[in-house]
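Each remark here refers to the structure printed beneath this line.
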Amino acid sequence: MVIAALLVLLAALVNSWPALVPVSLVLLGGVYGMQLAVDDAPLDAAVVLVAAGLVVTAELAYWSLEERERVKTEPGEAFRRLALVAVLGLGALAVAALPLALVDVVRARGLAVDILGALAATAVLVAVVLAARGSGRTSR
């Protein structure tokens with residue numbers, strides 16, 4: 001399934017289909033979530049890295065699609081964009097680590113923790129989609 005998600009991302013980049021970028025990222029995140037559900041992992045700290053990786057992947061994918069347009073940019077624009085991608089990746093690390101830290105502190109079982117986890121996962125997914133949409137817009 002991971003290969004299928006990567007092939008969707010590859011098709012999006014090769015054929016300049018920006019609408020497939022979020023589809024591939026949702027598939028990748030879904031595969032990771034299914035793996036956690038099947039393995040019944042108690043608390044996986046790697047989820048923070050996966051969330052940041054998805055955000056950085058979205059940013060780099062949209063950036064590569066934008067680079068196909070022949071638009072003259074200001075000197076240093078690539079370095080500013082790279083810094084923005086790095087900051088967004090670090091921000092995703094922080095946003096994803098917050099619910100993990102909260103759940104680790106609570107250490108409770110039950111419906112309330114499950115709902116909190118679902119809300120945190122939804123917030124991370126919304127952040128990925130908003131970051132992906134925001135990076136696709138260029139000012140001319």
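Determine the pairs where a residue that is of a type in the set (A, V, I, L, M, F, W, C), located within segment 1-26, has a partner that is surrounded by 13 or more Cβ atoms within 10 Å (Cβ to Cβ) and assigned to a loop (DSSP other than H, G, I, E, B) with Cβ atoms under 7 Å apart, the partner being 6 or more residues away or on another chain.
What qualifies is Ala11/Trp17; Ala12/Pro18.
Name the residues in segment 30-64 that are loosely packed, with under 12 Cβ neighbours inside 10 Å and part of a helix (DSSP H, G or I), would you?
Met34, Ala37, Val38, Asp39, listed by residue number.
Suppose we keep only residues that are in a helix (DSSP H, G or I) and touching a residue at least 40 places away in the same chain (Cβ under 8 Å) within segment 65-82. Which one would you say is nearest to Ile3 (Cα to Cα)?
Here is the first cut: in segment 65-82, the residues in a helix (DSSP H, G or I) are 65-66, 77-82.
Still in the list and also touching a residue at least 40 places away in the same chain (Cβ under 8 Å): 65-66.
On the way: Leu65: 21, Glu66: 25 Å.
In this case the residue turns out to be Leu65.
Could you check Ala58 against (1) closer than 23 Å to Leu130 by Cα; (2) out of contact with any Leu (no Cβ under 9 Å at 6 or more places or on another chain); (3) touching a residue at least 60 places away in the same chain (Cβ under 8 Å) and say which number it fails?
(2)
Within segment 27-49, count every residue that is under 19 Å from Ala61 (Cα atoms) and in contact (Cβ under 8 Å) with a residue 40 or more places away in the chain. Please lay out each step first, then the result.
Taking segment 27-49 first, the residues under 19 Å from Ala61 (Cα atoms) are 27-30, 49.
Narrowing further to those that are in contact (Cβ under 8 Å) with a residue 40 or more places away in the chain: 29, 49.
Residues meeting the conditions: 2.
Can you tell me which condition Ala11 does not meet? The list is (1) more than 15 Å from Gly134 (Cα to Cα); (2) surrounded by 13 or more Cβ atoms within 10 Å (Cβ to Cβ); (3) at pLDDT below 90; (4) over 16 Å from the mean Cα position of the chain (by Cα), and all the others hold.
Answer for Ala11: the failing condition is (3).
The values are calculated or read from the model by the stated rules, or taken from the named source; none is laboratory data. A quick note: this is a predicted structure, and the numbers were derived from the prediction, not measured. Glycine gets a Cβ as well: all are built from the backbone with ideal geometry, and neighbour counts include every protein chain shown.
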